[in-house]
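Here the structure is laid out as structure tokens; the discussion comes afterwards.
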Amino acid sequence: MVDQALGHIDQWFVEQSAEDWAPFMFGLTAEALIDYYHYVDQDERIVDALCLGADAIWEQAWIPEDEAFFYRADNPDAGGAPDLNLLIAPVYAWLYRQTGEEIYRDRGDQVFAGGVRGAWLDGYKQFNQNYRWSFDYLRWRMPGGDANLDEIVDCTDLGILATNYGSVGGLKQGDANGDGVIDVSDLGILATNYQGVALSELIPEPSGGILLITMGLVLLGFRRNA
Ligand SMILES: [Ca+2]
Ligand SMILES: [Ca+2]
């Protein structure tokens with residue numbers, strides 16, 4: 001089944017032997033492959049194929065003025081279909097977490113925003129299409145501070161942030177807010193999301209979380225500015 005799903009992506013975007021592909025078909029295929037990656041086997045072909053497909057639908061099917069992809073490749077002039085954006089946005093958020101490439105984060109944000117703004121939700125089908133997978137978009141997009149992408153914000157991430165503190169870098173270097181610099185703002189975000197619980201809820205003083213994390217940096221041997 002995995003080989004068949006990867007074969008579909010190949011037929012759509014490499015061999016280009018199937019003219020009736022659609023961005024939502026890629027989204028559904030990607031969802032199945034991501035589930036396989038998480039629950040069965042971390043097959044690296046999946047990340048490569050989804051990067052290829054996400055790049056291809058962005059280049060061939062994204063209509064900026066509609067904030068949506070077209071519906072089907074055999075009728076590309078029908079305009080954007082924002083009802084389907086939220087079947088596709090999670091792919092970009094997942095690729096951002098896997099690769100650290102900010103272009104996937106930024107494209108995913110545009111796809112998600114276009115879906116939220118433009119989707120018609122009155123029909124059962126359209127409503128379900130919008131909400132069946134889009135919560136994973138938020139889950140993969142939001143937890144700042146998870147530098148090693150294991151979906152937990154913990155001391156490993158703190159160590160990565162400490163190593164890169166004061167440097168330029170991306171998600172995988174500890175840049176939690178996406179401004180390209182690893183600094184105290186990222187430390188605050190990491191503290192807020194630490195182990196999925198805001199440290200401020202565990203420690204009485206308002207600044208206790210930051211204080212504890214700062215002590216952690218010292219313990220980890222952070223000496224860059226010393
Ligand atoms: Ca982590
Ligand atoms: Ca930052």
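List of remarks:
- The single condition among (1) among the aromatic types (F, W, Y); (2) out of contact with any Lys or Arg (no Cβ under 7 Å at 6 or more places or on another chain); (3) at pLDDT 90 or above that F222 does not meet is (3).
- Tally, over segment 29-47, of residues that are under 15 Å from the mean Cα position of the chain (by Cα) and surrounded by fewer than 13 Cβ atoms within 10 Å (Cβ to Cβ): 2
- Elements of the type helices (runs of 4 or more DSSP H) sitting completely within segment 87-189 and holding at least 1 residues that are within 16 Å of ligand 1 (Cβ to nearest atom) and modelled with pLDDT of 95 or more: these cover 155-164.
- Segments classed as helices (runs of 4 or more DSSP H), wholly inside segment 1-81, with at least 3 members that are closer than 18 Å to R97 by Cβ: 23-39, 44-61
The values are calculated or read from the model by the stated rules, or taken from the named source; none is laboratory data. In this text the structure is predicted, and so the values were computed from the model without any measurement. When we count neighbours, we look across all protein chains shown, and the Cβ atoms used for this are built from the backbone with ideal geometry, even at glycine.
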